[in-house]
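Notes to accompany the following structure.
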Amino acid sequence: MSLPPNAIGTRAAHDASVGRMTSLSARIEAVQTQISTSKRIAGPSDDPIAFARAATLRRTQAADAATTRAIDTAARRLRSADITLGSVGELVLRARDLGLSGSSATMSPENRAVLALEVRELAASFAGLAEARDADGVPLFAGAAARGPAYAPDATGVVRWQGQGTAPPLIAGSALVETGVTGPQAFGLTSDPTPERAQGTSDLFATFTGLAAALDEPDPTLRAAALTRRLTEMEAHTTRLADAQASLGVRGARLEAEQTRLQSQSLATASDLSRLEDTDMASAIAELQRLLTVLEAAQASFARTASQSLWDQLR
């Protein structure tokens, strides 16, 4: 049995109205979700181009966050090294003053023995500072070595550097920044005599040891020569420590500048991401009200159309 033409038209109109109201309801639900979550984009289907751009920005954010954490760690390490070298510098200055006092020809052997004892105490304090570590437990002055002591005595009892290489560098912008100084860079290096240097060189460990021994030397001539050598070395160590601290300061300034740049970049990235993803509340609420009004009108129209169609069939 075929339907009359007017029945077919009524059915088509009915389906069209239902489809439109369903579409409006889905759109209203989507806008309500945007308002409740404050996010305009929930998936690629919402805006493929914006979703892809947002994914790129999120990767940039993650990379910047990782770099910022690395810079924070490196900056703390540089500050720790700087503070430690400052403490070592104070020990060196005190040892130099003791050596100058012991140079006096009128000082008794007993008083020089007291000075030598204090120098050995300073040397012990320095040995502890040379083994200083950062917040992660990595030695500050062992270069690339992450474990073990920075210094240890060899078979002859001479303290030697046990580190290797240089401190791990960090990429800051377009430059590589070393995240510390090695023991030899800060405290010198002991070497044997050469044709060019008859006395060789002494690291700070050897200088402390030599200064205490010079103060204990009973022979005035030998004592005077030994004290002159060790006091000269102390002056060199003071200069070396100051240079190392200056280097740490420059590196710290580089990291701070890079940190400032990353902070600005992070704010710009967050702003761009917000513009892409965040819901414009005023526009969304206005759109929701419009859709609700349209849906209400569509429902009213559908109700009138359905009522008329039913009346026509009853007639």
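The values are calculated or read from the model by the stated rules, or taken from the named source; none is laboratory data. Nothing here was measured: the structure is a model prediction, and the numbers come from that model. In this analysis, Cβ positions are derived from the backbone assuming ideal geometry, glycine residues included, and neighbour counts consider all displayed protein chains.
Annotations for the structure displayed:
- The stretch 228-276, subset of a type in the set (D, E, K, R) and closer than 12 Å to residue 181 by Cβ, residue farthest from the chain's Cα centre (by Cα): 240
- Residue that is modelled with the lowest pLDDT [pool: residues in the stretch 32-89 that are within 26 Å of residue 265 (Cβ to Cβ), surrounded by 14 or more Cβ atoms within 10 Å (Cβ to Cβ) and among the acidic types (Asp, Glu)]: 47
- Complete set of residues in the stretch 265-315 that are of a type outside the set (A, V, I, L, M), at pLDDT below 75, part of a helix (DSSP H, G or I) and within 20 Å of residue 27 (Cβ to Cβ): 277, 283, 287, 299, 301, 302
- The set of residues from the stretch 73-108 being without any contact (Cβ under 8 Å) to a residue 60 or more places away in the chain, part of a helix (DSSP H, G or I) and of a type outside the set (Ser, Thr, Tyr) comprises 76, 83, 90, 91, 94, 97.
- Restricting the stretch 211-227 to residues that are surrounded by fewer than 19 Cβ atoms within 10 Å (Cβ to Cβ) and either within 20 Å of residue 157 (Cα to Cα) or touching a residue at least 24 places away in the same chain (Cβ under 8 Å) (or both), the residue that is nearest to the chain's Cα centre (by Cα): 213
- Test result for residue 122, surrounded by 16 or more Cβ atoms within 10 Å (Cβ to Cβ) and among the aliphatic types (A, V, I, L, M): yes
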